[in-house]
Protein chains: 2
Amino acid sequence: MLKNIIIISLWLGSLGLQHIAAQENIHPTEKKRMISPEVHANNSVTFRVYAPHAQRLSVVGNWMDRNATAGAGKQAMQKEGSYWSYTTGALPSDLFLYQIDVDGAVFNDPLNVYQIRDVNNTFNYFLTGGEQAAWYKVYDVPHGTMSTRWYKSPTLDKTRRLTVYTPPNYEAGKGKYPVLYLLHGMGGDEEAWPSLGRVGQILDNMIASAKVKPMLVVMPNGHVSNTAAPGESSRGQYPIDFFTPDVGSGKMEESFSDIIDFIERNYRVKKQKAARAIAGLSMGGSHTLFISSYLPQTFDYIGLFSAAFKMNDNAENPVFRDFEKNLVRQRDDGYKLYWIGMGKKDFLYKTGEQYRELLDDKQMKYTYYESEGGHTWSNWRLYLTEFLPKLFRNN
Amino acid sequence: MLKNIIIISLWLGSLGLQHIAAQENIHPTEKKRMISPEVHANNSVTFRVYAPHAQRLSVVGNWMDRNATAGAGKQAMQKEGSYWSYTTGALPSDLFLYQIDVDGAVFNDPLNVYQIRDVNNTFNYFLTGGEQAAWYKVYDVPHGTMSTRWYKSPTLDKTRRLTVYTPPNYEAGKGKYPVLYLLHGMGGDEEAWPSLGRVGQILDNMIASAKVKPMLVVMPNGHVSNTAAPGESSRGQYPIDFFTPDVGSGKMEESFSDIIDFIERNYRVKKQKAARAIAGLSMGGSHTLFISSYLPQTFDYIGLFSAAFKMNDNAENPVFRDFEKNLVRQRDDGYKLYWIGMGKKDFLYKTGEQYRELLDDKQMKYTYYESEGGHTWSNWRLYLTEFLPKLFRNN
């Protein structure tokens, strides 16, 4: 009895606000807890929102093609009592983001605590069933460790934050591991690949199924004018703007060896070209192609995911000025994989085509993977699951 | 020029949804980006929400005394154009949580990406200025590492997730450190102390100011029927319910030495009683008092933060059955600090009083710290900043 009183009080009491939110989680007529989203066996999904006085609610989700026709980017919910609901058709196997449009203003789904920030918005997310999304889920397999650490960059004269995935049993073992450096896009930071990119889940699952070699994955912050993700640096909390002066400055490329040095001094890793990979999406793809050509004899595996190519006006910087020369050196030094992924509808498709022409012109060998869709995390997660099994095969 | 086109496209394009959200972030008349919340120099705070067609908006915040009068738990926002706003009076120095009530349904503030989950809701948060909140902010001081790891519990026959803070320079050094085991309440998990409890920031800042000895802080999951926080285990995403059968079962206490063993095998830590502390809030306070009495000669420092005392009906379990005997043994074995924090308005105040009477009766020495307020994270962060400087002083 005492136990129950305490438990109920703890349940409601930890924060005054729980009280309010808890009430609206109970459907007034059905007297049961409402669930949103609910993923059905056929991958259709039902959303439910309590909004007794609203005039019009819609679901805004990234599975909708908002360019198709006007208004196709949101789907109207139906009202029943104080609740609104909407059920999708069968969705693909993936992680999806969405929000709720309430009378023309966009909010999160209050019943879904699972949220991820992407650029300057926080979205609700859910995972559907099926083969591809299975890589993104947690299973009872051996798990790696995810750490946020700070490293000194002498080149930038800053202490900066990065995220490191170490594979299962790394801590207990003695062996040395290869390393993948994995870079985010312009809207991201050191938290993007671990959250939107599902790196921990993908690595755990692909290592467990022996599709991928155990490796470290190092996810630094690609905006060198920042030291850490929003809210995690001494700038505190601020309105997020990634249109920073460092974009295209060449400073990420010039300072990148500080990160390699830090990792190789602080972790049990192999320090050869054959045990180093680098990949990045969008702006991080641009970083990847410039870094891998700028640093001689450093990477045997290079991955460009929807890569931006020229993001610079700073043609005097040696990273960009000597690029074609560096590319030829990279070709002559040799490498094992130069992997390019691009979506058919990506707004960078044309740029990517031009870049492949340049590679052809320089007789640089590469593997090209063209997917459906555009400039999306759906593609970047897919590219990661395609790229990882090709790494460190003879290592 | 090319740079700018690519940058603008990347800025808007990473996700289709950005487009919509980005538009509403611009005030239609002022043509500038709107900010919410805005913390002013005097610690008053302005909230702004775009909601052109709503009838009534209110801010619901945990600084409001919702028990004072009906409706005092929310504050009405004023409409101007399509925007609503509300400015508080000067707030105390702290981290605050809030949501927005839109026509009777509660949502998050779409302009504030900074969010924390507490129990089964995700709240927006902000930090005010002043002395106490300064411990909770990030400064340019040496930073520790925060890791999520999995450990094997032979007692529970499970692999479970925990969070570990290692102090600045832990990885580079050779010295051994003391350890604080820090336990969450019934609504929490291994992510509660790092997020709501600001453990990384508090430790970094207090170590940098030499108020606190460098130490590891280990934050396990106190619900032994779960292996990890919601969304982080093979249960996947599910509606959160912490009213689990393990509460008061004694299994957390019985299996706790598995956690100590894991930490002492895997980290450079001192393995003496004088270098071990344990503390917990609410249910975690209950865990703390039972674990510290159940395990002989293990902890020299014990902290009970708004502790629940008897949460068990399982009187046959030796953890509870032999409690008074264990307490006398704990007293005779000796310890350096038995610290109790409780808020004057805590619904567990009376229980705490009874527990102190028991301690008096058994001639157990303790330090008692009574604060204002109730069963809140505001108090638990405060208690942590009071407790930490007292640990490992002669160590």
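The values are calculated or read from the model by the stated rules, or taken from the named source; none is laboratory data. Keep in mind it's a predicted model, so treat the numbers as computed, not measured. Note that we place each Cβ from the backbone using ideal geometry, even for glycine, and neighbour counts take in every protein chain shown. We work out accessible area using only protein heavy atoms, side chains counted, and drop any ligands, DNA or RNA first. Shrake-Rupley method; radii C 1.70, N 1.55, O 1.52, S 1.80 Å.
Quick check: the distance between the Cα centres of the stretch B:85-117 and the stretch B:137-206, to the nearest angstrom?
So the separation of the two Cα centres works out to 28 Å.
Would you tell me the mean number of C-beta atoms belonging to other protein chains that fall within 10 Å of each C-beta in B:116-128, as a whole number?
Whole-number average of other-chain Cβ neighbours for B:116-128 is 5.
Assigning unit charges at the beta carbon (Lys, Arg +1; Asp, Glu -1) and nothing else, what dipole magnitude in debye, to the nearest 20, does the stretch A:140-242 show about its Cα centre?
380
If you average the C-alpha positions of the stretch B:229-290 and of the stretch A:224-248 separately, how far apart do those two centres end up, in angstrom?
Result: 35 Å between the Cα centres.
When all protein chains stay in place, what accessible area (Å², nearest 10, 1.4 Å probe) is found for B:K273?
We get 30 Å² for B:K273.
Compute for chains B and A the buried accessible surface, both sides summed, probe 1.4 Å, and express it in Å² to the nearest 100.
Counting protein atoms only, the buried area is about 8400 Å².
Over 38 Å, how big is the tail of the calculated P(r) for the protein assembly as shown, in percent of all Cα pairs?
40
Whose amide H sits under 5 Å from the amide H of B:S44, counting only residues 5 or more places off or on another chain, with H placed in the peptide plane?
B:L91
With everything on Cα atoms, drop me the angle between helix B:377-387 and the longest principal axis of chain B, reported from 0 to 90° to the nearest 10.
Tilt relative to chain B: about 50 degrees.
Of the beta bridges DSSP finds with both residues in chain A, what % are antiparallel, to the nearest 5?
About 65 percent, rounded to the nearest 5.
Which whole number gives the average, over all residues in A:240-252, of C-beta atoms from other chains lying within 10 Å of the residue C-beta?
Mean shielding count: 2.
Based on the Cβ-Cβ distance from A:Q272 to A:A210, what FRET efficiency comes out when R0 is 25 Å, to the nearest 0.05?
That gives a FRET efficiency of 0.65.
Would you mind checking the tilt of helix B:283-294 against the longest principal axis of the Cα atoms of chain B, expressed as 0 to 90 degrees and rounded to 10?
On a 0 to 90 degree scale, this one is about 20.
Kindly give the distances from A:G89 to its copy-mates, label point to label point, with each label point 7 Å from Cα along Cα→Cβ, as nm values to one decimal ordered shortest first.
Once sorted, the set of distances for A:G89 reads 5.7 nm.
Amide H to amide H, which residues 5 or more places from A:I278 or on other chains are under 5 Å from it, using H placed in the peptide plane?
A:Y181, A:Y301, A:I302, A:G303
Select from A:V141, A:A105, A:F320 the residue farthest towards the positive end of the dipole of chain A; place +1 on Cβ of Lys and Arg, -1 on Cβ of Asp and Glu, and compute about the Cα centre.
Of the options given, the answer is A:V141.
Helix A:323-333 versus the longest principal axis of chain A: what angle, 0 to 90°, nearest 10, using Cα atoms?
Computed tilt is about 80 degrees.
With a bin width of 10 angstrom, please list the P(r) values of the stretch B:97-207 as percents of all Cα-Cα pairs, from the 0 bin to the one holding the largest distance.
With 10 Å bins starting at 0, P(r) equals 11, 33, 34, 16, 5, 1.
What length, rounded to one decimal in nm, is gained on full extension from A:D332 through to A:R33, with 0.36 nm per residue of separation minus their alpha-carbon distance?
Contour length minus the Cα-Cα distance gives 101.3 nm.
Copy-to-copy spacing for A:N394, label 7 Å out on the Cα-to-C-beta vector, in nm, shortest first?
Ordered by distance, the counterparts are at 6.3 nm.
Specify whether the C-alpha gyration tensor of chain A places it in the rounded, prolate or oblate class, a ≥ b ≥ c being the square roots of the eigenvalues: rounded for a/c under 1.5, otherwise prolate if a/b is larger than b/c and oblate if not.
prolate
Compute the label-point distances linking B:P239 to its equivalents in the other copies; points lie 7 Å from Cα along Cα→Cβ; give nm, one decimal, shortest first.
Ordered by distance, the counterparts are at 3.7 nm.
Going by the alpha-carbon gyration tensor, a ≥ b ≥ c the square roots of its eigenvalues, is the stretch A:148-265 rounded (a/c under 1.5) or, if a/c is not under 1.5, prolate (a/b greater than b/c) versus oblate?
prolate
Out of the DSSP beta bridges found with both residues in the protein assembly as shown, what percent are antiparallel (nearest 5)?
65
For the stretch A:245-345, what does the alpha-carbon gyration tensor say about shape, rounded, prolate or oblate, given a ≥ b ≥ c as the root eigenvalues, a/c under 1.5 as rounded, and a/b over b/c as prolate?
It comes out rounded by the Cα gyration axes.
Can you check what the net charge comes to around A:R117, using other residues whose Cβ is under 11 Å from the Cβ of A:R117 (Lys, Arg +1; Asp, Glu -1)?
-3
What dipole magnitude, in Debye to the nearest 20, does the protein assembly as shown give about its Cα centre under +1 on Lys/Arg Cβ and -1 on Asp/Glu Cβ?
The calculation lands at about 1680 debye.
Mind checking A:144-152 for the average number of partner chain beta-carbons within 10 Å of each residue's beta-carbon?
5
What relative contact order, as a whole-number percentage, does chain B give when Cα pairs under 8 Å and 6 or more residues apart are counted?
Across chain B, relative contact order equals 11 percent.
Given +1 on the Cβ of Lys and Arg, -1 on the Cβ of Asp and Glu, and no further charges, what dipole in debye does the stretch B:145-390 carry about its Cα centre, rounded to the nearest 20?
880
Among B:L388, B:G285, B:Q78, whose Cα lies farthest out toward the positive end of the dipole of chain B, if unit charges sit on the beta carbon of Lys, Arg (+1) and Asp, Glu (-1)?
Toward the positive end, the furthest listed residue is B:L388.
Taking a probe of 1.4 angstrom, what is the accessible area of B:H184 in Å², to the nearest 10?
Approximately 0 Å² of B:H184 is accessible to the 1.4 Å probe.
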